[in-house]
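Remarks on the structure that follows.
The values are calculated or read from the model by the stated rules, or taken from the named source; none is laboratory data. If you're wondering where the values come from, they're calculated on a predicted model, not measured in any experiment. Cβ: placed from backbone, ideal geometry, glycine included. Neighbour counts: every protein chain shown. For the accessible areas, the whole protein counts, side chains as well, though only heavy atoms, and no ligand, DNA or RNA atoms are used. Shrake-Rupley method; radii C 1.70, N 1.55, O 1.52, S 1.80 Å.
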Amino acid sequence: MDIIIAGAGTVGYSLAQTLSFKHNVIVIDKDIDKLNKLDEDIDILVIYGDIENPKTYQTLNLDTVDLFIAVTDSDEANLLSTLIVEDVVAVKRKIIRLKNDGFLKSHVLKKLSIDYAVFPDITTANKVKALFTFPKANNVKTFHQTKHKLISIRVQYDAQMLYKVEELVNENVSIVGIEREKEFFIPVLNTAIQKGDLVYLFGSIESIEEISAKLDEKMPTSIKKIVIFGANTLAQKIAKALLDKNLDIKMIEKDIDHCKTASEVLQGKVTIINSAYEDHRLFEEEGLKNADMVIAAGHNDEKNIVKCIEAKEYGVQKVVAVNNDKAYYDLMHKMGVVVVRGSKAGAHYAILEKISSSSIVTQRHFCGGRGVLFMRKIYPDSELIGKSIKKENIENILVVLLREDKIYPLSKIEQLEQSDILVVFGKFEQTEEIEQWIYTL
């Protein structure tokens, strides 16, 4: 595809880096330093110019582009650029990143023919909220095709007991991935589950909860008292998403302006503490050590890590860190911190997943991008109904089939039926092979 990316910041850079392997990418920005870095690091075309100026697009000498992605830090610039580019170039699809969630209920996106808008702060807040439904979970992914969830659980118990995968899985739940000492792999039935593993479970809520109780003895079974470090826009959205949970929420922030804004947005329903110091005194004097869960929602990953370490020292088992820089992801995981993608990382993956998915096949990433899954539902008009298929000769992948909410190995299915759902789990490096197989069945 021919792709134009408006914005060479963190999100624009990471998208260009990933997409340039398979597509022709053009990045536009008026920050020459960011463009120079892109030009040095990645084999793409960089254009110096204002994305809100029609002349910028006239220099491209393009009649048509397959995809236009606007990911600058300005909502206004992103919105306006999608209108201006179409005055010069015919755009087949438009994707935009927005901070203001007011556009969710607006008709602006439809009027501008924007195919997909990602609201990363809302996505991050909802991911944190999902942890309250599954207190032992590290991450929760939902799907529009099925009620089944993909949930990761850290193996934490004092006894050195071991399970094998085959002892835990059944027609209601499957173990589809394990992260062990920074390595991610797809397990087989005789794989032994070890202490410290991050286990990915796909299946019904009830079955996942039963297994999580066996694998994790430390995480709380319910959460009532919350501490959020930070009162920035993201922290406010996280707190707002939790207001209907009847929780005791405290926010800690040293910027008085952020505190005032948070107080207005949250309408006094959250205790906001304006703290001029950020050390252990907070946990003692403000009673933070009694929290069931601590969320470090700042924009600085190093500070988020420090807050999580302090909370763990005071015995808080459930600590969550917002991950803004992917370079800190492994460190957070190694420390036993629950990692939630920050706004920029969330926007990166949300856009990539949208580009890679279609009306037939959904693609999702998990385990910090190390794992990939493809989901294909058999619709009423599908030519696959009544056909028998076999797993492609791709090593170390897991293929299952959902039928009436039950999980079956593909080898036990003679013919596909309407409403069946094929689900493939593999490593990120296998994306292209899996994609080719599932699309060409």
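Using a cut-off of 21 Å between Cα atoms, the listed pairs 99/318; 127/164; 195/307; 218/334 include 99/318; 127/164; 195/307 as exceeding that distance. Once the chain from residue 217 to residue 388 is taken as fully extended at 0.36 nm per residue, the excess over their C-alpha distance is 57.3 nm. Taken over the alpha carbons of region 27-150 as equal point scatterers, the Debye sum produces base-10 log I(q)/I(0) values at 0.15, 0.18, 0.23 Å⁻¹ of -0.83, -1.01, -1.31.
On the basis of the beta-carbon distance and an R0 of 56 Å, residue 312 and residue 63 show a calculated FRET efficiency of 0.45. Return the Rg/Rh ratio of region 88-138 with Cα-based radii and a Kirkwood Rh. Here the Rg-to-Rh quotient is 1.16. Computed from the Cα positions only, the extents of region 372-441 along the three principal axes stand at 32, 22, 17 Å, in decreasing order.
Taking the alpha carbon gyration tensor of region 173-313, what are the square roots of 5 times its eigenvalues, largest first, to the nearest whole Å?
Equivalent-ellipsoid dimensions as semi-axes: 34, 17, 14 Å.
Simple point charges give the picture: +1 on the Cβ of Lys and Arg, -1 on the Cβ of Asp and Glu, and for the chain a dipole about the Cα centre of about 1040 debye. Projecting label points 7 angstrom from Cα along Cα→Cβ for residue 303 and residue 419 puts them 5.2 nm apart. Strictly over 29 Å apart at the Cα level, which of 55/111; 326/412; 37/141; 326/427 would you flag in this model? Beyond 29 Å: 326/412; 37/141.
Given Cα positions, please report Rg to Rh for region 252-335, the hydrodynamic radius being the Kirkwood one.
Values: Rg = 13.4 Å, Rh = 13.7 Å.
For region 252-335, the value is 0.97.
Residue-wise HN-Hα couplings along region 412-425, as the Karplus relation 6.51 cos²θ - 1.76 cosθ + 1.60 with θ = phi - 60° gives them from phi, are 9, 9, 7, 9, 7, 10, 4, 6, 4, 10, 8, 10, 10, 10 Hz; Gly and Pro carry x. Taking the charge dipole of region 1-130 about its Cα centre, with +1 at Lys and Arg Cβ atoms and -1 at Asp and Glu Cβ atoms, the residue from 19, 61, 49 reaching farthest to the positive side is 19.
Please tell me the relative contact order of region 138-270 in percent, rounded to the nearest whole number, where contacts are Cα pairs under 8 Å and at least six residues apart. The normalised contact order for region 138-270 reaches 22 percent. Along its principal axes, region 106-171 has C-alpha extents of 59, 26, 15 angstrom, given from the largest down. Each part reduced to its alpha carbon centroid, region 346-376 and region 1-46 end up 20 Å apart.
Just to verify a number: FRET efficiency for residue 37 and residue 436, C-beta to C-beta distance, R0 = 25 Å, to 0.05?
The computed FRET efficiency comes out at 0.15.
Based on protein heavy atoms only, region 144-248 ends up with 45 Å² per residue of surface accessible to a 1.4 Å probe. Computed with the Debye formula from one identical point scatterer per Cα of the chain, without solvent, the log10 of I(q)/I(0) at q = 0.06, 0.10 Å⁻¹ comes to -0.28, -0.79.
Taking max minus min of the alpha-carbon positions on each principal axis, region 266-389 gives extents of 66, 35, 24 Å, largest first. With both labels modelled 7 Å from their Cα along Cα-to-Cβ, the residue 284 to residue 111 distance reads 5.8 nm. Of all aspartates and glutamates in the structure, the ones whose alpha carbon falls short of 18 Å from that of residue 182, not counting any fewer than 8 places away in one chain, are 197, 325, 330, 429.
At an R0 of 35 angstrom, the distance between the Cβ atoms of residue 190 and residue 133 translates into a FRET efficiency of 0.65.
Exceedance of the 26 Å cut-off in Cα-Cα distance is limited, within the set 105/237; 214/303; 105/225; 22/237, to 214/303; 105/225; 22/237.
Calculated translational diffusion coefficient of region 298-366 (37 °C, 0.692 mPa s; Stokes-Einstein with Kirkwood radius over alpha-carbon pairs) equals 248 µm²/s.
Kirkwood radius, region 140-255, all distinct C-alpha pairs, inverse of mean reciprocal distance: 16.3 Å.
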